[in-house]
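This report refers to the structure that appears directly beneath it.
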Amino acid sequence: MRNIYSFKVSSFQIIIGSFLGIILLGTFLLMLPISSAEGVVTPFSDALFTSTSAVCVTGLVVHDTYRYWSLFGKTCILVLIQIGGLGTITLAMIVTMLSGRKISLFQRSVMKDAISADQIGGMGHFSLFILQSTLAAELLGVLLLFPSFFRRFPLLQSIQYSVFHSISAFCNAGFDLMGKQQPYSSLTSFSGNALVNLTIMGLIITGGLGFRTWEDIRNNRFRVHKYRLQTKLILFTTAVLIFLPAIGFFFIEFRGVPLKERILSSLFQSVTTRTAGFNTADFASFSDSGKLLSIILMLIGGSPGSTAGGMKTTTIAVLILNANGTFRHRDEASAFFRRISDQTVKIAATIFALYLSLFTISAMLISLLESLPLLTCMFEAASAIGTVGLTLGITPDLGLASRLILVFLMYFGRVGGLTLIYAAVPARRMRNQRLPLENVSVG
């Protein structure tokens, strides 16, 4: 007789459960009176929204981070951002290793699924590489940001700002402390500061490339021909998604702005829209074309196994390569003299359909619930599901139902659509039988 108390937990269920657990813990901590600047209990819905946004490294907020939260609250948010950026499973692996305990095969398997690795070997060493890379990048960010902040703020506050914004940028979170100057202003007062712009952009890109990409670069240095196909696709697609949209922003927006600031703003908005959430320009003043370009970039997001969200650069790259193969009457997609499997193309198409469907339905629901223009709601929904954090200013005024929709989108965007589906739908044993084949006309 089967034991009704026995069940097997999959790695995907552990991944989504760990993120949910951290979100709920963060919600409880942010509800405490000590977390708010005025010493009041924060409503559950506000705390849940903020905790989800921090853990899912999004950056959407219902309260200005600097003005509403106390030092304890800001510290909680920063810790949640760091946990969300590294990943709960990665952090658990690091703690296990540092405590001297042995890592089990199941733990390695969970870690493999969490970071989208292609093999189970070397997970322990790779976890330490993630920790070392993260600390090194964030420390460098602190050192580069400090001089600019020190010109405007006292010493201790400059250190606090440098640490907070460096971690937030590397983790692609978009939380900021610039509300002291003006609520929800983000980095608009630094739009002409080249050092701040380039540092934040560098941190965003570094975190968004993915740790597997950086490991490949570290191992092979300038021997590009030895890079994995995934690394080559990520680097090429990322470069294209930085410079082409920047050209678009340069000509569509920022007219009448001095050339230096216009170039910096164009590049910054091109980088930040793919999951970071900082901004040096007011997106509410953008034209519809600029907003639509931003929405597309937010949906694409960063790369697999990174601190970024979205559909991922490789998903779009694979779909474009598959279309290119179809146009050329080829049976398979290919790039850099390598074939891409049909299974990969199917997964990419599934992810694209999932994100596009959920994004569209959510935007329509929010538009109906709040009586807001559809494009505005599309911007908000794309920002949430892409874990970006940019907004046209409607987030604090949204009703409870709309906020819960955004909470789900942020959670979905961080843990990944397929992870949620694999966790909910148990795997079944493959059968050898194949159904009869019949063609269907498409297009």
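The values are calculated or read from the model by the stated rules, or taken from the named source; none is laboratory data. Being a predicted model, the structure only gives us computed values, none of them experimental. Virtual Cβ from ideal backbone geometry, glycine too; neighbours counted across all protein chains shown. Quick note on the areas: whole protein, heavy atoms, side chains included, nothing else; ligands and nucleic acids left out. Shrake-Rupley method; radii C 1.70, N 1.55, O 1.52, S 1.80 Å.
Got at least one residue in the range 228-250 being closer than 29 Å to Thr90 by Cα and assigned to a loop (DSSP other than H, G, I, E, B)? Taking every residue of the range 228-250 in turn, at least one turns out to be closer than 29 Å to Thr90 by Cα and assigned to a loop (DSSP other than H, G, I, E, B). The condition of being open to solvent by less than 10 Å² (accessible area, probe 1.4 Å), touching a strand residue (DSSP E or B) at 6+ places or on another chain (Cβ under 9 Å) and either part of a loop (DSSP other than H, G, I, E, B) or modelled with pLDDT of 90 or more (or both) holds for only one of Gly302, Gly290, Gly310, Gly325, that being Gly325. Scanning the range 66-95 for residues that are open to solvent by less than 10 Å² (accessible area, probe 1.4 Å) and hydroxyl-bearing (Ser, Thr, Tyr) yields a count of 1. Only a single criterion out of (1) of a type outside the set (A, V, I, L, M, F, W, C); (2) open to solvent by less than 50 Å² (accessible area, probe 1.4 Å); (3) more than 23 Å from Gly389 (Cα to Cα) is not satisfied by His125, namely (2). Residue count for the range 194-246, restricted to those that are within 18 Å of the chain's Cα centre (by Cα), aliphatic (A, V, I, L, M) and either farther than 20 Å from Ala137 by Cβ or open to solvent by 30 Å² or more (accessible area, probe 1.4 Å) (or both): 4. Taken over the range 168-193, the criterion of being closer than 18 Å to Leu60 by Cβ, surrounded by 21 or more Cβ atoms within 10 Å (Cβ to Cβ) and either in contact with a Leu (Cβ under 6 Å, 6 or more places away or on another chain) or not hydrophobic (A, V, I, L, M, F, W, C) (or both) is satisfied by Ser168, Ala169, Asn172, Gly174, Asp176, Ser186.
Kindly indicate whether Thr315 is of a type in the set (Ser, Thr, Tyr) and either open to solvent by less than 30 Å² (accessible area, probe 1.4 Å) or under 29 Å from Thr206 (Cβ atoms) (or both). Before the answer, list the steps.
Values: of a type in the set (Ser, Thr, Tyr): yes; either open to solvent by less than 30 Å² (accessible area, probe 1.4 Å) or under 29 Å from Thr206 (Cβ atoms) (or both): yes.
For Thr315, the condition - of a type in the set (Ser, Thr, Tyr) and either open to solvent by less than 30 Å² (accessible area, probe 1.4 Å) or under 29 Å from Thr206 (Cβ atoms) (or both) - is met.
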